[in-house]
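The values are calculated or read from the model by the stated rules, or taken from the named source; none is laboratory data. Please read these numbers as outputs of a predicted model, since none were measured by experiment. Because the Cβ atoms are built from the backbone with ideal geometry, glycine has one as well, and the counts that use them run over all protein chains shown. Note: areas computed on protein heavy atoms with side chains; ligands, DNA, RNA excluded. Shrake-Rupley method; radii C 1.70, N 1.55, O 1.52, S 1.80 Å.
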Amino acid sequence: MEGDNSQVEMKLSSDMDEEVGGNGVGDHLNHSSNRKPHVAQKLGRTPKNLCFLAAATLLIFIIGYLIGYLVHQKKELAQSCAASVLPLEEPVPHETGAAPLMDWDDVKKLFAQKLTVANFESVFSEFSSDEHRAGSPGDDALGNKVLKKFNKYGMNTWTNEYFVKVQDPPASGSNRVVFKNGSNTEYPKGLLSYSAIGTVTGAVLYAGYGQEIDFMLLQDRNINLSGRVMLVKAGKISFAEKVANAAKMNASAVLIYPDPADDAFEEDTELYGHVHMGSGDPYTPGFPSFNYTQFPPVQSSGLPKILAQTITAGMATKILRELGGQNVPQAWGGIYKLGEEKDLITVDVNNVLTEKKIHNVFGVIKGFVDTDRYLVIGAQRDAWGPGFASSTVGTSVLVELARSISDMVKNDGFKPRRSIVFASWSAGEYGSVGATEWLEGYLSSLSMKAFTYINLDGVVAGRNGFKVAASPLLYSLIKSSLKEVRSPNKAPSLSSEFAGGNWETNVLEPLKLDNAAYPFLAFSGIPSVSFRFTPGKSEYLYFGTMRDTRQKLNGVTSNSVPQVAVIASQFAGHMALRLVHDHLLRMDPTRYYDILRTHVGQINTKVKAVQRVQPQLLPKSLTVQWLISASGSYNRASRSLLADVQNSDLDNIEMCRIINDRIMSVERNFLSPFVSPRESPFRHILLGSGSHTLQALSNHLEALRTTNPEADADLFRNQFALATWTLQGCANSLAGDIWSLDNEI
């Protein structure tokens, strides 16, 4: 290789043979530069070469023919042998990984055969317990039973251990409520965990259900709320929300009682619950309660700073009968007075903060295609007392679903594309503590891999009504499942009995803060669904009491608890199986656009109203156009995704995975990245809570319009900008590749 004159010479063996007797190798190398390549010439002219090529061609042809003949004979022999051994069996289909082997109709039929009333009676008996508070020996025993069941079904199992702080009743002594210098004194056994500790004395004020609208009605009557002890009925909203609303009014304490007008409650019924305006261990907000964490002492912003205690209906009636002051608003009903300044009451709360070790128990059925994508199905295991409806039924449904689906995989050839994780949570009664600690411990992993959570808490609380609370992404899946599952009341389907003309109006309800599915959705950005059978127009009244027993549940289900449990299992199972069976996740991102459009429309109207009434607060330069544009970007991205779904090749595994990842990103990207999970854990801008939500923006605008002293125009503009970009970021992620983004903003 020395310039343009370099040459390479190729010689066949016959040419080499002709030159062996010549000048030798040395002479050949010395004179090669003076010779011209002659391979092609010799191949084309030499008779010897022609004969060699002809013989080689014939030999290759004969060898190829023999190989083909032998392979064909071997296949025929194998087929004849197989036919002689298994003459009646069909050829086993080959799973390529691109599509499930089993048709969806066959999956439904097979699953329906697995669930029976007899099985549920046996499981109810095994998992019923009179004492299984979180961290107690009874709770641990039930956890071990669940673990043994999962192992028996051949599932991969594991447990997580946490050390959480909870409030329990005082070990010695008691809490106390004294009305009018001791004329009426009660030592309640009920508990509101995470209440402030201490003793206060103040004038009683009856405040309905303790909703914001109730307190506004009292303010409209020019009643002084500061320092008052609020007496409120249980129901409508959670205990934590009642206490938080009272604290905003500068109340000193809250007493919560079961409505004595409800015949279901005996006069001495005690109520149990918690008042943490959040979920999880409030003393490790935003991070898990492992025993090796080294964080300094900290408290959740959702812990109340005022006292809270439950009292019996009997005690509440005695207090109400002696109140003076104004008449109760007509809308509240009743014949009592609201209370006046001389109606003094003393509240003494001495709850004890203790640390408990709790365990979550898990089992997994691994998927055959996307093993690292998983659906989570969970139920709380603990209860204040017997907790038959609150925990026993849910745990039983969890175990039966695990058994049924495991059996389908092991014995019936069902191959889920994605994995299913079954979870038994502890400390659910203290505010979904076990579930939230798991989310906090594995937040980064779960947000990328867990695509749905199905909550089984309280799924059977009646039989004449049916309610569902869920992420809008799951609405289409819920609608189809309602049509596929029969009703417990002889109707052909849940849809035909409960949905009526509009299932969203008659069946859907908001996903509330005290629902165990809420932290999955609003904290972790995992699409979630929770459902329950109800007594009808009323509610099951024994949650959070010592009277939550099989007998009470029989009373609201016409002695058909196992029958309704079968239907509840079928509904949960249909949603779960559909999500792990189909190539593409059955979720519809376009369903969020209606919610977005409503919020954006409200904000636009209120911005213009503030600019008109209070122009010094919001100048004309502030425009809602960017928020409208971001909403439009989301709409176009979601419709573009639907088009990609319709045009996708279901046999292309990688393409299906890319589309599913885009769908999974929707809920996660509605979490505001501009707020701390520790300070504002429920970061979802549409369904969460806090100043970052679109609802909070709307409320802030109303405060600006009415010149509320707490309103801050600069703070609003900052929140407005961050919410706009959060929405645009969600639209960008949904659009997919960077070159597909909508850049109008």
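Listed values, structure above:
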| read-out | value |
| --- | --- |
| Proportion of all alpha-carbon pairs of the chain beyond 47 Å (%) | 33 percent |
| The stretch 186-263: relative contact order as a whole-number percent, Cα under 8 Å and 6+ apart | 32 percent |
| Accessible surface of the stretch 238-332, 1.4 Å probe, proportion on carbon and sulfur as whole % | 48 percent |
| Phi-based couplings in Hz for the stretch 254-261 (Karplus 6.51, -1.76, 1.60; Gly and Pro marked x) | 9, 10, 10, 9, x, 4, x, 6 |
| Span from the the stretch 673-705 Cα centroid across to the the stretch 490-568 one, whole angstrom | 28 Å |
| In nm, spacing of pseudo-spin labels at Glu340 and Arg597 (7 Å Cα→C-beta vector) | 5.5 nm |
| Average Cα contact separation per residue, the chain, under 8 Å, 6 or more apart, as relative contact order % | 14 percent |
| Residue-normalised accessible area of the stretch 385-536, given per residue in Å² at a 1.4 Å probe | 25 Å² |
| Sites Trp158 and Glu266 - FRET efficiency at Förster radius 41 Å, r taken between beta-carbons, to 0.05 | 0.45 |
| Solvent-accessible heavy-atom area per residue, rounded to whole Å², over the stretch 189-320 at 1.4 Å | 38 Å² |
| Order of exposure, largest accessible area first, which applies to Asp649, Asp168, Asp130 with probe 1.4 Å | Asp130, Asp649, Asp168 |
| Members of Lys233/Lys449; Lys152/Lys479; Lys410/Lys483; Lys114/Lys356; Lys242/Lys357 lying beyond 31 Å, as alpha-carbon distances in this model show | Lys233/Lys449; Lys152/Lys479; Lys114/Lys356 |
| Relative contact order [Cα under 8 Å, 6+ residues apart], the stretch 156-227, whole percent | 20 percent |
| Point-charge dipole on Cβ atoms (K/R +1, D/E -1) for the chain, about Cα centre, debye to 20 | 960 debye |
| Nearest 10 degrees, 0 to 90: helix 591-613 Cα axis against the chain principal axis | 50 degrees |
| Between 0 and 90°, nearest 10: helix 694-705 axis offset from the chain longest Cα axis | 40 degrees |
| Amide hydrogen neighbours beyond the local backbone of Val460, cut-off 5 Å, H modeled | Phe533 |
